[in-house]
Amino acid sequence: MASVSFPLAGKHKQGPWFEVEGSEDYDSFFSCLYGLSPQDSRADSKIDDDQNQTIQVSQPAEKSVQNEQQPTPFSLACVEVLKTYDKLFNKPTDEGVNHNKYNASSCSKLSVNEVLKLGGERYIQYITQRTDGFSTFMHPYASALSALSAHETRDVELVHLLLAAAEDVSRRQYDVAANLISRCMWTASHSGNPVQRLVFYFAEALKERIDRETTGRLFSAARYHYRECMGLTTTPATLACHQGLPFSQVMQFAGIQAIIENVNTTKIHLLDFNIRSGIQWTILMQALAEEHHDRPIQLIKITAVGVADQHKLEECGKRLESFARSLNLPFAFHLVFLSDLKDFREDLVHLEADESVAVYANTVFRTMIGRPDCLDSLILAIRKLKPVVMVVAEVEANHNSPSFITRFIEALFFYGAFFDCFEDCMERKDPCRRTIEGIHFGEGIINIVAAEGEERFTRNVKIDVWRAFFARLGMLEIKLSECSMYQAKLILKQFEHGSSCNLYSNGNGLIVGWKGTPIHSVTCWKFNSHDDY
């Protein structure tokens, strides 16, 4: 296969209103960007078929790039859907829940995702209104661009370039895309503002996809294992992220409160599939020590199931044992270390008859979305332990679509919210921030954008897909209590930018977002004892 060369960044500089080559029609691209199907011109008919699939049925052999449906002629109906995009920034609230609301108009600077939105609008207006190679500003949202500061305008232009490059990659016009990517890299930077950082990593991912498509190179097994393990272990960078960003602590306090409310015995067995530092269990131990004066706890047992860094997991157990001793709580710690979570069996857990089992699964099931049979097996093994409650915290995003463009746009807005959060909550030169962005997120972005089929192991699905999957396995969702919601809101008050973190109910669960973009979900489950699986 022929390789594609990337011009040096900064070479052949052109004005921002360059002619986008090879872009005759754009309907499919913008339908993915703003959620409108090519056949539907109604702004209020947002349907995402990928989100309606269960995990099990979303895995058949994916369309290759060569076989993807060709874009239909561009339609001005795509412009109309821009009017509905603000719904992401103003989620409807449920009665009785006090939400943190993000109001974009009240902020002096644009969020990253507002810049992404404007970049999409600018790209649409450029394609739809260009005349003789020049874009005329007839788009109804054009006035918004004129009010931007100089650096915000540059950021919007950078997003425009990135979207144009992604469109050409989807069309396999790799030479044109390589030129656009090089123009992105002239301004993008892994150490710049959040938009520049975001575009840098997505441009790198597009380069990776072009390289793989033109050379046939595959992801190595070692890279897969590294990425999988990075999501299931604790590092100084992930610990700093836990302390500096509100998401982890909000999910932990809401989930731990749900466990406390559903475990009523004095012998408690906690099964944690992603224990990391274990700090979440110090919260539970403190709460139990304060609430059980009349009925002392006889035993708190934690079984940590891990697939990465056995030594750190053992050290975690020692720290938890020391903490429990300081509270005079009877405590036991067991470690089930596996090479793969698919090998988990209920007989690996030391369970006594009078123990009340609670399961805590924090962003761990997502690592098995690409292997639905293994995920089925894991859940059914958990079921045999007869837990009284299972708390599930997951990433609230759709990174599982067989469509490259859909995944690209979904990932761009999802990571855009994270990069925005980093900008507010951590210093730009913080080495932990650089590690999270460059290694943890950078690897994930590359895998979402550049890989296909079994090689694409960074997969996430939204809460409704998880609900369909769990329901199929005979699980019933428990409503998170008002107290769980209160605990989550209380945590946000401890963060300087906590008001930018959104909390809102979704059915019986909780969605945690940043400035209107969903980031995580927390749900609570029990198994239906009347069903036989």
> Looking at region 494-505, is at least one residue on the phi > 0 side of the Ramachandran plot and modelled with pLDDT under 95?
Replying inline: no
>> Residues that are part of a helix (DSSP H, G or I), out of contact with any strand residue (DSSP E or B) (no Cβ under 8 Å at 6 or more places or on another chain), modelled with pLDDT of 95 or more and not hydroxyl-bearing (Ser, Thr, Tyr): does region 321-336 have at least one?
In response: yes
> touching a Leu at 6+ places or on another chain (Cβ under 8 Å) and closer than 16 Å to Ser401 by Cβ - does that describe any residue in region 434-449?
Replying inline: yes
>> Is it the case, given these coordinates, that Pro372 is in contact (Cβ under 8 Å) with a residue 40 or more places away in the chain, surrounded by 19 or more Cβ atoms within 10 Å (Cβ to Cβ) and out of contact with any Pro (no Cβ under 6 Å at 6 or more places or on another chain)?
In response: no
> So which helices (runs of 4 or more DSSP H) stay within region 390-453 end to end and still have 3 or more residues that are buried (at least 22 other Cβ atoms within 10 Å of the Cβ)?
Replying inline: 404-425, 442-450
> If a residue has to be crowded, with 22+ Cβ neighbours inside 10 Å, in contact (Cβ under 8 Å) with a residue 60 or more places away in the chain and not aliphatic (A, V, I, L, M) to count, how many in region 277-315 make the cut?
Replying inline: 2
> With (1) touching a strand residue (DSSP E or B) at 6+ places or on another chain (Cβ under 7 Å); (2) modelled with pLDDT of 85 or more as the list, and Val199 as the residue in question, which single condition is left unmet?
Replying inline: (1)
> Regarding Ala353, is this residue small (Gly, Ala, Ser), free of Cβ contacts under 8 Å to residues at least 24 places away in the same chain and part of a loop (DSSP other than H, G, I, E, B)?
Replying inline: yes
> What is the residue count in region 243-284 for residues that are aliphatic (A, V, I, L, M) and in a helix (DSSP H, G or I)?
Replying inline: 10
> Which members of region 482-533 meet the condition of being under 19 Å from Glu394 (Cα atoms) and in a loop (DSSP other than H, G, I, E, B)?
Replying inline: Gly507, Asn508, Lys515, Gly516
> Before we move on, is Gln257 touching a helix residue (DSSP H, G or I) at 6+ places or on another chain (Cβ under 8 Å), of a type in the set (S, T, N, Q) and modelled with pLDDT of 90 or more?
Replying inline: yes
> Any idea which of Leu271, Leu245, Leu288 is at pLDDT 95 or above and hydrophobic (A, V, I, L, M, F, W, C)?
Replying inline: Leu271
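The values are calculated or read from the model by the stated rules, or taken from the named source; none is laboratory data. Because the structure is predicted, anything quoted here is derived from the model rather than measured. Cβ sites come from the backbone with ideal geometry, for glycine too, and all protein chains shown count toward neighbours.
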